[in-house]
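Reviewing the structure listed below.
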Amino acid sequence: MAVPAIAAAGTAALYVGSKLAIPRDAKLAKGLVNAKLGYRSYEKNDTINIAYRFEETCKKHPNREALVFEGRSYTFQDIQRESNKFGNWLLSKGVKRGEIVSLFMQNKPEFLFCWLGINKIGATGAFINTNLAGKPLTHSLRTATSSILVMDAELPIPISNVLDEVLEMGYTIYSYGGPQQHDFATPIDLSQISDAALPKSLRKKTTANDIAMLIYTSGTTGLPKAGRFSHARANVAAHFWTSFYHFNENDRLYIALPLYHSAGAVLGICVAWVTGATVVLARKFSTSSFWDECRSNKVTVIQYIGEICRYLLNAPPSPMDKTHTIRMAHGNGMRPDVWNRFRDRFGIPLIGEWYASTEGTGILTNYNTGPNGAGAIGYRGTLARTVDKGLKIARFDIQTEELIRDKNGRCIECAADEPGELLTIIDSSDPTRAFQGYHKNSSANSKKVVADAFKVGDQYFRTGDILRRDADGYFYFGDRVGDTFRWKSENVSTAEVSEVLSTYPDCIEVNIYGVQIPGHDGRAGMAAIVSKETMNWDDFAKFALKNLPKYSEMEITGTFKQRKVELVNEGMDPTKIKDEMLWLDGHSYKPFKSPEHGRVVNGKAKL
């Protein structure tokens, strides 16, 4: 009788474990524990500064290949010497611990030399988005509150176009990373600078709140804000990703994401520093060269963000599509309509989708190896949600864009499959949950914090993202706050509409947004579409009418997120919109430019 009893107990345990998703929750817990233990050891040894992670690996494996860039290989020792030179150069210019150095540089080895050199002397790097120009660029430089700007010698035009304003801010401009000479920038020559190790006294007593870098928001909702990314957070994030996604020294990471963003910098470069993996760095993302570079460099892990996977999927099929050594694609923003098609076509066994933000205090992860959970941005089983209550989806008013509170003034947690705004707890004693905020922007900081949310005295970070969690524990992205709009008393999710229309064969990319129409409440839906030349708009109209509810080349940011602000501001005014406009007349599309259908007269649209 004992054997059947044991078998029955084992079967019951497996059933309970499956229902509660204990193995998956245990994997998450293990990653978080390993990350925190790693950080506590650095705290104890006074080695919190993220530059120590590089130096520790360099000490163990000085001659290991650390970086490959455009056919050239760099060992850890090569990078050590060049970053020491840059740090010594900074000291010769009077840069002190705690000061900020602005870096305007595309992906290249010199970016890493600068970054490490800055951190090695206890200073902070302000990583400026190299796609910016005009007002967003000057705003970012002003926000940095720096006096030194290191400019990529190959990218002079954006700076030269706003030179007077940059100089008025008090900047001294240096150029680095190329032989080009510019009369407004002093070239950095490190040939005579010592590569001696920088004094560790400059990094002593680095705290959990000390900032390693300023990482700017993408600018999808206005001017970029400078997120304060601490050394502590960089360490914890790199260690968690290493543990959770099983990174190791034999991995070769292909990074085509911009290093001025935390995805490429922290979840790419810092992970490699912790593990000793090799980074294969691309100057920028290119659909045409992506797979060739992965094959020739024997890449094992690729990073994606935003629309990158769609661009790769839209490329013509090749018999070489599954000829590679890639074990994992990890990143955030893979659309549900792309997910399985991407995995099936390219034969990548593991998709590591994650949800996080530069300034946020919580993460979600989806370790996905099959159809179950495809399209979800994260997963937390019953056990994880019971033990960790620091991540909640709260009811949200689409019209007022405010959280809904009960009669006691508390936020209301959503039920399964009920959409709401994701809130993540703020805990200054925990480096994974401390809110560092935006640099020199107290107004933006206050808008991101909600107090007394679920009990008196608590604080939560407002992510600004509408999510839902299903009954199984999978989290799905809905929309950005402000993107969902109301039309004819219905809430319209721009993300959901985009996902439906994107499945039409002749649609390359779709961006949905709401615009105001004079004389009508709410916002009407508009779509900015990049289409193939074979697009038949009448057939597309039939598809849209069949697949959408009745109510209801693309410009992107440098991190491959669709930009809506400019489109919303253009509205439906043909005097502002340069692209072809069509309007749905019954069951077919017609040009939106005739005097009767496209003209805006005295602020009223003729429809």
Label zone at K93, where the point sits 7 Å out along the Cα-to-Cβ direction: segment 249-275 residues whose backbone N lies under 16 Å: none
Amide N proximity, segment 454-478 versus E413 label position 7 Å along Cα-to-Cβ, cut-off under 19 Å: 454-476
Listed candidates (1) 38, 33, 25; (2) 58, 29, 24; (3) 65, 37, 19 - label of the one calculated as semi-axes √(5λ) of the Cα gyration tensor in Å: (1)
Full-stretch length increase - R72, R40 - with 0.36 nm per residue and alpha-carbon distance subtracted: 7.9 nm
Cα-based equivalent ellipsoid, segment 344-453: semi-axes from gyration tensor eigenvalues, Å: 28, 19, 14
Share antiparallel - DSSP beta bridges, the chain, percent rounded to 5: 60
Ordering of 311-323, 128-140 by packing [mean C-beta count within 10 Å, highest first]: 128-140, 311-323
Gyration tensor (alpha-carbon) shape descriptor, segment 137-244, a/c threshold 1.5: oblate
Whichever aspartates and glutamates have a C-alpha closer than 20 Å to that of K93, once near sequence neighbours (fewer than 8 apart) are set aside: E82, E110, D152, E168, D183, D189, D195
Label-point gap, in nm, between D397 and K546 - each point 7 angstrom along Cα→Cβ: 4.1
In order through segment 498-503: 3J(HN,Hα) via Karplus (6.51 cos²θ - 1.76 cosθ + 1.60), integer Hz, x for Gly, Pro: 4, 5, 5, 5, 5, 7
Residue-wise HN-Hα coupling along segment 26-37, computed from phi with Karplus coefficients 6.51, -1.76, 1.60 (Hz; x: Gly, Pro): 5, 5, 4, 4, 4, x, 5, 5, 4, 5, 6, 5
Average accessible area per residue (Å²) across segment 189-247 - probe 1.4 Å, nucleic acids and ligands excluded: 38
Segment 284-392 - Rg and Dmax from Cα coordinates, angstrom: 15.3, 48
Overall form of segment 216-328 per C-alpha gyration tensor (a/c, 1.5; a/b vs b/c): oblate
Shape of segment 199-269, Cα gyration tensor, a/c cut at 1.5: oblate
Unsatisfied cross-links (Cα-Cα over 29 Å) in the set K36/K108; K27/K120; K36/K389; K96/K440; K59/K205: K36/K108; K27/K120
Span from the segment 176-191 Cα centroid across to the segment 400-436 one, whole angstrom: 49
Phi-based couplings in Hz for segment 423-437 (Karplus 6.51, -1.76, 1.60; Gly and Pro marked x): 10, 10, 5, 10, 9, 5, 7, 10, x, 7, 10, 7, 9, 7, x
Qualifying trypsin sites (Lys or Arg not before Pro) in segment 67-145, DSSP loop, other Cβ atoms within 10 Å at most 11: K96
Residues with amide H under 5 Å from that of T172, placed H, sequence gap 5 or more: I148, L149
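The values are calculated or read from the model by the stated rules, or taken from the named source; none is laboratory data. Nothing here was measured: the structure is a model prediction, and the numbers come from that model. Cβ atoms come from the backbone with ideal geometry, glycine included; neighbour counts cover every protein chain shown. All accessible areas refer to the heavy atoms of the entire protein, side chains included, with ligands and DNA or RNA removed. Shrake-Rupley method; radii C 1.70, N 1.55, O 1.52, S 1.80 Å.
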